[in-house]
Amino acid sequence: MTLQRESLPKARRGRRPGAGSTRQAVLDAARARFASDGFGATTIRRVAADAGVDVSQVMQFFRSKDELFAAVMSVPASALERFNTAFEGPDEHLGERVVRAYLAAWEGPALDSEPLMAMLRGAIVNDHARAQLRDFIQSRLLHGASGRSGDDAALRAGLASSMLVGIVTSRRIIGVPVLVAADTEKLVATVAPAIQRILVGAPSQTDWVKGAGA
């Protein structure tokens with residue numbers, strides 16, 4: 001008995017099944033490419049190749065690299081949650097919680113960290129990406145400072161965030177050897193006290209005298 005050709009399943013070629021799945025494939029490929037290569041080195045052609053689609057299909061959804069970059073910058077809810085929960089709870093160990101949250105957000109699982117790394121790399125060379133990173137950090141600062149006493153709470157949060165973003169940039173983009181080699185626990189132990197002091201403030205002279213006399 002001869003097996004008829006028509007009864008064999010045919011491999012699908014050409015476009016992926018459905019515009020939604022194609023768009024998502026492009027976004028996933030662009031997210032990884034922006035995170036690894038940065039904004040300047042990423043091209044629509046490379047993204048299309050990574051996604052397994054034609055360049056024209058990428059342009060069908062996103063009219064330019066800037067528009068594609070903007071679409072990629074939607075920060076995952078899990079990353080936002082890390083930032084939000086770091087500022088929750090008592091001030092004790094706040095510095096440690098914040099340091100861990102920032103390092104986990106930018107250096108954690110690819111699904112969480114790639115959008116933030118793409119934003120950070122892009123901010124170096126692209127005005128739009130710089131504005132996005134600025135707006136993102138500002139929103140986290142306002143959230144973290146809300147409910148904390150003191151007129152300079154937002155300023156303190158801003159200084160802490162600037163330090164932590166600088167550490168991430170030095171480790172992941174500039175590649176400062178001693179920082180790249182340092183493990184997370186060593187960084188937390190070294191940086192957390194400084195962040196704690198900035199966010200919570202130094203103990204007053206009276207408190208220090210009381211502590212010394214105890």
Of the residues that make up region 170-180, is at least one within 20 Å of the chain's Cα centre (by Cα), under 16 Å from Ala86 (Cβ atoms) and part of a helix (DSSP H, G or I)?
no
Contact list please: Cβ distance under 6 Å, first residue in region 165-177 and in the same structural domain as Gly122 (by TED's automatic domain parsing), second residue among the β-branched types (Val, Ile, Thr), pairs at least six apart or on different chains.
Ser170/Val176; Arg171/Val180
Does Ile137 meet the test of being closer than 21 Å to Met73 by Cβ, β-branched (Val, Ile, Thr) and either surrounded by 13 or more Cβ atoms within 10 Å (Cβ to Cβ) or in contact (Cβ under 8 Å) with a residue 40 or more places away in the chain (or both)?
yes
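Residue-by-condition table, conditions (1) within 24 Å of the chain's Cα centre (by Cα); (2) in the same structural domain as Leu133 (by TED's automatic domain parsing):
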| position | (1), (2) |
| --- | --- |
| Arg23 | yes, no |
| Phe39 | yes, no |
| Gln60 | no, no |
| Pro90 | no, yes |
| His93 | yes, yes |
| Tyr102 | yes, yes |
| Ala105 | yes, yes |
Kindly provide the set of residues from region 50-87 that are over 30 Å from Arg140 (Cα atoms) and polar (S, T, N, Q), ordered by number.
Ser56, Gln57, Gln60
Counted residues, region 85-106 - those being under 14 Å from Arg148 (Cβ atoms) and either in contact (Cβ under 8 Å) with a residue 24 or more places away in the chain or touching a Pro at 6+ places or on another chain (Cβ under 6 Å) (or both)
6
Looking only at helices (runs of 4 or more DSSP H) that fall completely inside region 54-127, which ones have 2 or more residues that are closer than 25 Å to Gly20 by Cβ?
55-61, 65-72, 77-86, 110-125
The residue from Arg197, Arg148 that alone is part of a helix (DSSP H, G or I) and either farther than 19 Å from Arg100 by Cα or of a type in the set (D, E, K, R) (or both) is Arg197
Among the numbered criteria (1) without any contact (Cβ under 8 Å) to a residue 40 or more places away in the chain; (2) surrounded by 13 or more Cβ atoms within 10 Å (Cβ to Cβ); (3) under 29 Å from Ala189 (Cβ atoms), which single criterion is violated by Lys65?
(3)
Confirm whether Gly38 is at pLDDT 90 or above and crowded, with 19+ Cβ neighbours inside 10 Å.
no
Single match in Ala48, Ala70, Ala30 (criterion: within 15 Å of the chain's Cα centre (by Cα) and at pLDDT 90 or above):
Ala30
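The values are calculated or read from the model by the stated rules, or taken from the named source; none is laboratory data. Remember, it's a predicted structure, so these values are computed and weren't measured experimentally. When we count neighbours, we look across all protein chains shown, and the Cβ atoms used for this are built from the backbone with ideal geometry, even at glycine.
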